[in-house]
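A.B. asks: One structure, as structure tokens, below. Some questions next.
No value in this document is a laboratory result; all are computed from the given coordinates. Since the model is a prediction, treat every value here as computed from it, not as a measurement. Cβ: placed from backbone, ideal geometry, glycine included. Neighbour counts: every protein chain shown.
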Amino acid sequence: MLGREVVDLLRAQGRVVRGLTRAQLDVSDAGACRTALEGADVFVNAAAWTAVDAAEEHEAEAFAVNAQAAAHLGRAASDVGARLVHVSTDYVFDGRADAPYAEGAVTGPRSAYGRTKLAGEWAVAATCPDHVLLRTAWLYGDGPCFPRTIARLLGQRETISVVEDQHGQPTWTRDVAGLLVRLVDAEVQSGTYHATSGGRATWRDLAQEVARSLGADPARVLATTSADFPTPAERPAWSVLGHDALAAAGVEPIGEWRDRWAAAADLVLGGHQP
């Protein structure tokens with residue numbers, strides 16, 4: 001979802017951009033990464049192993065994509081003099097905070113996915129001095145995502161149960177793409193930045209907003225807890241990220257999550273019925 005949004009935005013702005021699919025670039029091949037980056041000023045790495053639960057049993061495979069490939073891309077970007085923008089995740093934190101995580105907060109991933117993504121951050125920082133680490137979370141957009149799942153379930157059932165003990169910031173991929181481009185254009189200092197909407201929500205909060213957008217009664221979305229939906233990988237209970245680094249760089253952050261959902265809803269839910 002995010003890679004397409006970045007490419008579409010840059011093309012709409014009349015910029016020269018080349019989007020590489022998995023078939024066109026095997027990021028686990030160091031030589032292929034070096035060749036792919038020839039002539040690039042900026043390279044955005046949106047490739048990742050994102051199957052969070054599957055990573056618990058396939059951590060080596062997830063590490064190859066999320067960490068080793070990040071090192072290949074970091075070295076290649078450094079070799080050709082390109083800035084590397086590397087997309088990371090809230091899962092690098094332990095999820096036990098009660099205030100927004102600062103960009104420099106202590107990390108402590110509690111899943112294989114989080115461990116491999118944190119290793120990817122380290123790899124980029126170690127191999128490419130000119131980098132932007134962009135952490136994001138709770139993404140939705142033009143593809144399989146939580147709001148579309150909720151819309152489908154509301155069309156099938158009278159009520160649904162959604163957890164309300166996980167807190168985060170629902171974030172539209174189009175907004176992340178816009179922020180990413182603003183960061184590059186501002187030539188910000190190398191470092192870590194957070195690309196999430198403002199405010200905070202639970203998954204139930206978002207599901208109820210989806211219901212409202214569909215003209216359905218939000219009371220049909222019932223509250224439950226994570227304990228009722230056990231998964232192989234532990235989900236962070238707290239995924240609220242702070243945006244101080246954006247303020248320090250003079251880059252406008254993404255707006256409040258409810259406002260951004262209101263702007264995105266028709267595009268994300270087009271064709272869905274409650």
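A.B. asks: Mind listing the Cα extents of the chain along all three principal axes, in Å, largest one first?
C.D. replies: Largest to smallest, the principal-axis extents are 56, 41, 38 Å.
A.B. asks: Next up: At a 10 Å Cβ-Cβ cut-off, how would you order Ile254, Ile150, Ile160, fewest neighbours first?
C.D. replies: Details: Ile254 23, Ile150 27, Ile160 17.
Least to most surrounded, the residues fall as Ile160, Ile254, Ile150.
A.B. asks: Sticking with this one: Determine the gain in length on full extension of the stretch Glu187-Asp266; use 0.36 nm per residue of separation and subtract their C-alpha separation, reporting nm with one decimal.
C.D. replies: On the way: separation 79, 0.36 × 79 = 28.44 nm, distance 3.32 nm.
Full extension from Glu187 to Asp266 adds 25.1 nm.
A.B. asks: Go ahead and run the numbers for FRET between Asp79 and Ala105, Cβ-Cβ distance against an R0 of 30 Å, rounding to 0.05.
C.D. replies: Details: r = 32 Å, r/R0 = 1.05.
Efficiency computed from Cβ-Cβ geometry: 0.45.
A.B. asks: Once the other residues with Cβ under 14 Å from the Cβ of Ala105 are scored (Lys, Arg +1; Asp, Glu -1), what is the net sum?
C.D. replies: On the way: positive: Arg96, Arg135; negative: Asp90, Asp94, Asp98, Glu103, Glu121, Asp244.
Net charge in that neighbourhood comes out at -4.
A.B. asks: Something else about it: Give me Ser197, Ser226 ranked fewest to most by other Cβ atoms within 10 Å of their Cβ, as a rough exposure proxy.
C.D. replies: Details: Ser197 27, Ser226 15.
Fewest to most other Cβ atoms nearby, the residues stand as Ser226, Ser197.
A.B. asks: Kindly provide the chymotrypsin sites (Phe, Trp or Tyr not before Pro) of the range 3-102 that DSSP labels as loop, not H, G, I, E or B, and whose Cβ sees at most 16 other Cβ atoms within 10 Å.
C.D. replies: Details: sites: Phe43, Trp49, Phe63, Tyr91, Phe93, Tyr101; in loops: Trp49, Phe93.
Qualifying residues, ordered by number: none.
A.B. asks: If you take the beta carbon distance between Ala223 and Asp259 as r and set R0 to 30 Å, what does 1/(1 + (r/R0)^6) give as a FRET efficiency, to the nearest 0.05? Please report the intermediate quantities before stating the final value.
C.D. replies: On the way: r = 24 Å, r/R0 = 0.79.
Efficiency at R0 = 30 Å is approximately 0.80.
A.B. asks: Return the Rg/Rh value of the range 25-112, two decimal places, where both radii are evaluated on C-alpha atoms and Rh is the Kirkwood radius. It would help to have the intermediate numbers written out before the result.
C.D. replies: On the way: Rg = 14.8 Å, Rh = 14.3 Å.
Radius of gyration relative to Kirkwood radius: 1.03.
A.B. asks: Further, regarding this structure: Taking the Cα of Glu56, stepping 7 Å toward and past its beta carbon, and measuring to each backbone N in the range 92-121: which are under 12 Å?
C.D. replies: Residues 111-113 qualify, since their backbone N sits under 12 Å from the label point.
A.B. asks: Convert 4 °C to kelvin, take the viscosity as 1.567 mPa s, use the Kirkwood radius over C-alpha pairs of the range 3-69 as Rh, and evaluate the Stokes-Einstein diffusion coefficient in µm²/s, rounded to a whole number. Walk me through the intermediate numbers first.
C.D. replies: Details: Rh = 13.4 Å.
It comes out at roughly 97 µm²/s.
A.B. asks: Using θ = phi - 60° and the Karplus relation 6.51 cos²θ - 1.76 cosθ + 1.60, list the HN-Hα couplings for the range 114-126 in order, rounded to whole Hz, with x at every Gly or Pro.
C.D. replies: x, 4, 6, 5, 5, 4, x, 4, 4, 5, 5, 4, 7
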